[in-house]
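The values are calculated or read from the model by the stated rules, or taken from the named source; none is laboratory data. Just so it is clear, the structure is predicted and the values come from calculations on it, not from any experiment. So basically every Cβ, Gly included, is an ideal-geometry build from the backbone, and we count neighbours across all protein chains shown.
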Amino acid sequence: MTRTNNMKPSPDLFQEYRRIHARALAESEERRRAVFAQLPRLLEIARERKDQTFALGQDLLHTADKAATRRAYALTMKALMQEESAILRENNIPPAFLQPAWRCPACEDTGYVTGREGGRHMCACLTQRVLEERFAQSSLSPEERFETFREDVFPTERQRKATCRARDICLCYAEGFPDNDPKGLLLLGQGGLGKTFLLNAVATRVVERGYSVLNLPAYALVQTVLSCMSSRQPLPDFTLPDLLVLDDLGAEPMLNNITREQLSNLLDARQRKGLATAFSSNFTREQIIEEYGERFAFRLLSPRSTLTLELLGDNLRTRL
């Protein structure tokens, strides 16, 4: 699989983040002005804190005892913050009310965060938006989440218990992401047993926890690859998302050995990078081996690389 760097944010996406960031700042400034007009002492405290910060820089340039200067600064700032907190508390104003309401606190709606070594890189929220923009077929179903899982739709107690157990395992997988061992997830079983629901629930929870997810039907991924190959365009970098979710493996077109090779290369690339890939399929293990060959099947079905859950029972689609 050809690695490419064609997953950069578009100019429109940059503008979207600039607008969101600016709006959050403007709204917080409007709230601050309203509160300061009602409680002038808070405005004085804000100015004093700003003055203290500026004075610290000047004092450090002209003092020999820098440690003492910093201690005095810290004590003054602590006293001001305590006074501010007391005023807010007395007036039933939450401290966050004066701060910007960021959509993503990690990057403060800039799309970028600073790593441990100081370098800047794309925040998971921006990565997710890039993926959604690049792959129109990628989407999360907000109604399919762990909170909306229904236990009253199963025709038998045995099927209910088995599917609830699969739900609990998938929830643990999503909550433990990305540190699961094994990394991968595979849901097997005939159609209508809830595999797609559980995959969507996993994807949604992983996104909520701040990681990027590309959620695609397997046929859409294969069509994307074939389209790039036919137009001689570089293939997308499928190692970009933290979690790649491919639903309904086996429904994609099998063209000569192209499909088999591309899926094998994709899974190999992600496993070598320690990245998680989740699949669902109506196929049995034996059918996967027969359809995709031993190379792909070994990587997918190995207990060392993939947690496999088999759903059993009657089709639920006729009951919903």
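When the residues of segment 40-67 are filtered to those that are of a type in the set (A, V, I, L, M, F, W, C) and out of contact with any Phe, Trp or Tyr (no Cβ under 6 Å at 6 or more places or on another chain), the one that is nearest to GLN99 (Cα to Cα) is ALA46. Of all residue pairs spaced 6 or more apart or on separate chains, those with beta-carbon atoms under 8 Å, a first member in segment 243-270 that is surrounded by fewer than 20 Cβ atoms within 10 Å (Cβ to Cβ) and a second member that is hydroxyl-bearing (Ser, Thr, Tyr) and part of a loop (DSSP other than H, G, I, E, B) are ALA269/THR239. Would a scan of segment 65-79 turn up a residue that is outside any helix (DSSP H, G or I), without any contact (Cβ under 8 Å) to a residue 12 or more places away in the chain and either in contact with an Asp or Glu (Cβ under 8 Å, 6 or more places away or on another chain) or exposed (fewer than 13 other Cβ atoms within 10 Å of the Cβ) (or both)? Checked segment 65-79: at least one residue is outside any helix (DSSP H, G or I), without any contact (Cβ under 8 Å) to a residue 12 or more places away in the chain and either in contact with an Asp or Glu (Cβ under 8 Å, 6 or more places away or on another chain) or exposed (fewer than 13 other Cβ atoms within 10 Å of the Cβ) (or both).
Within the option set ARG304, ARG295, being part of a helix (DSSP H, G or I) and either in contact (Cβ under 8 Å) with a residue 40 or more places away in the chain or in contact with a helix residue (DSSP H, G or I) (Cβ under 8 Å, 6 or more places away or on another chain) (or both) holds for one residue only, ARG295. Of the residues making up segment 266-311, those that are under 25 Å from the mean Cα position of the chain (by Cα), closer than 24 Å to THR224 by Cα and of a type in the set (S, T, N, Q) number 4. Filtering segment 104-122 for residues that are surrounded by 15 or more Cβ atoms within 10 Å (Cβ to Cβ), in the same structural domain as GLU44 (by TED's automatic domain parsing), free of Cβ contacts under 8 Å to residues at least 24 places away in the same chain and farther than 14 Å from LEU42 by Cα leaves an empty set. The listed residues are LEU255, LEU226, and the only one of them that is part of a loop (DSSP other than H, G, I, E, B), over 18 Å from GLU144 (Cβ atoms) and modelled with pLDDT under 90 turns out to be LEU255. Of the residues making up segment 287-300, those that are farther than 12 Å from LEU249 by Cα and surrounded by fewer than 18 Cβ atoms within 10 Å (Cβ to Cβ) number 6.
One residue stands out in segment 151-186 among those that are outside any helix (DSSP H, G or I) and among the polar types (S, T, N, Q): the one that is nearest to LEU275 (Cα to Cα), namely ASN180.
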